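Below: one structure, written as structure tokens.
The values are calculated or read from the model by the stated rules, or taken from the named source; none is laboratory data. On a predicted model such as this, the values are computed, not experimentally measured, just so you know. We place every Cβ from the backbone using ideal geometry, glycine too, and count neighbours over all the protein chains shown. Just the protein is used for accessible areas: all its heavy atoms, side chains included, with ligands, DNA and RNA removed. Shrake-Rupley method; radii C 1.70, N 1.55, O 1.52, S 1.80 Å.
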Amino acid sequence: MLTKEDFFCDFENKWCPGCGNFQILDAMKEAFAEMDLSPEKLLIVSGIGQAGKTPHFFKCNFFHGLHGRALPVATGAKIANHDLTVVVSSGDGDCYGEGGNHFISAIRRNIDITLLVHNNKVYGLTKGQASPTSDIGFQTKMQPHGVIAESFHPLTAALAFGAGFVARGFSGNKAHLNQLIQKAIAHKGFSMVDIMQPCVSFNSVNTHAWYKKRAYDLADKNHDTTDIDAATALSRKWGDEIPIGILYQKESSSYTDRIDHLDQGPLIGFTYEKERVQQQIDNG
Ligand SMILES: Cc1ncc(C[n+]2csc(CCOP(=O)(O)OP(=O)(O)O)c2C)c(N)n1
Ligand code: SF4
């Protein structure tokens with residue numbers, strides 16, 4: 001039986017004390033350990049940002065790539081070796097801003113990976129500019145009169161694009177987040193958990209106390225997770241009450257299920273004849 005210490009890596013961590021990322025990191029390690037996911041069978045992929053640094057603090061396979069480009073890398077890795085459990089750790093800017101197009105494509109493909117978005121509603125690493133999920137009126141050094149664009153609703157978008165597992169977590173409820181991560185990984189196909197995460201340095205509105213007062217668990221409300229209309233209405237709920245938990249779940253065949261030959265085993269295990277490949281290249 002694994003413990004979270006099996007994923008421990010002593011790489012220096014420079015996140016601000018009190019950052020919600022610490023609880024997300026811990027919830028991830030606990031979830032992986034409880035699922036008995038051995039580090040060599042696990043791949044964490046990230047882009048750029050504070051959230052993007054998450055894999056540095058794990059002992060397992062990881063790939064830290066370009067801003068907004070974690071999902072295509074994760075997609076390629078899953079196709080090459082579908083025996084791997086592939087988890088993407090991304091920020092709201094990384095995933096919904098710079099990587100927005102890849103977000104849509106990953107959902108459409110239903111690639112069997114899990115996306116965890118550390119959503120602090122701000123660009124943390126670059127010192128506090130507004131992100132796609134910043135609320136209208138949110139003031140920053142770059143937007144001193146407040147954000148004037150409408151906020152992006154990631155869960156509503158995911159449902160509209162056809163995602164089969166759509167959930168919201170809160171870094172301040174680690175036990176709940178741990179369970180959500182486990183359910184997301186167990187889901188066959190694309191799964192996403194948008195995680196409300198306080199940024200103590202650049203978001204003085206959506207603080208830990210602000211979220212704690214508003215977050216309520218959908219599991220206590222008899223929500224039917226197969227009801228897409230109810231899920232869509234819940235996905236837009238923001239303000240005095242914010243639902244956390246699984247909004248929607250429906251399994252269907254994933255991208256790798258639909259690729260011929262992968263039922264014979266992962267691509268990386270296939271052998272090939274060099275001469276035949278060369279012949280194909282020579283023949284154009
Ligand atoms: C293509 C590109 N554009 C912009 C940047 C600069 N940049 C680095 S991190 C970042 C925003 C990170 O915000 P988010 O994804 O929300 O992560 P956080 O740091 O808040 O966890 C930006 C704009 C970059 N590195 N590459
Ligand atoms: S700037 Fe914000 S997101 Fe980045 S480490 Fe500090 S508190 Fe966390």
Considering each of 48, 44 in turn, give the residue that is under 11 Å from the mean Cα position of the chain (by Cα) and buried (at least 19 other Cβ atoms within 10 Å of the Cβ). 44
Among the residues of region 203-222, write down those that are in a loop (DSSP other than H, G, I, E, B) and open to solvent by 70 Å² or more (accessible area, probe 1.4 Å). 204, 205, 222
Within 16 Å of ligand 2 (Cβ to nearest atom) and either surrounded by fewer than 23 Cβ atoms within 10 Å (Cβ to Cβ) or over 19 Å from residue 52 (Cα atoms) (or both): which single residue out of 126, 133, 156 fits that description? 126
Selection over region 178-200 where residues are open to solvent by less than 20 Å² (accessible area, probe 1.4 Å), away from ligand 2 (no atom under 16 Å from the Cβ) and not hydroxyl-bearing (Ser, Thr, Tyr) yields a count of 9
Subset tally (residues that are closer than 16 Å to residue 162 by Cβ and in contact with a helix residue (DSSP H, G or I) (Cβ under 8 Å, 6 or more places away or on another chain)) for region 76-125: 12
Do we find a residue being among the hydrophobic types (A, V, I, L, M, F, W, C), farther than 30 Å from residue 116 by Cβ, exposed (fewer than 15 other Cβ atoms within 10 Å of the Cβ) and modelled with pLDDT under 95 anywhere in region 258-279? yes
Looking at residue 171, is it surrounded by 19 or more Cβ atoms within 10 Å (Cβ to Cβ), touching a helix residue (DSSP H, G or I) at 6+ places or on another chain (Cβ under 6 Å) and within 30 Å of residue 140 (Cβ to Cβ)? yes
Any residue at all in region 235-250 that is without any contact (Cβ under 8 Å) to a residue 24 or more places away in the chain and within 16 Å of ligand 1 (Cβ to nearest atom)? no
Filter region 173-191 down to the residues that are basic (Lys, Arg) and in a loop (DSSP other than H, G, I, E, B) and list them by number. 188
Among the residues of region 128-172, which ones are more than 14 Å from ligand 1 (Cβ to nearest atom), small (Gly, Ala, Ser) and within 30 Å of residue 254 (Cα to Cα)? 157, 158, 160, 162, 163, 164, 167, 169
Failed condition for residue 39, given (1) open to solvent by 10 Å² or more (accessible area, probe 1.4 Å); (2) touching a Ser or Thr at 6+ places or on another chain (Cβ under 7 Å), with all others met? (2)
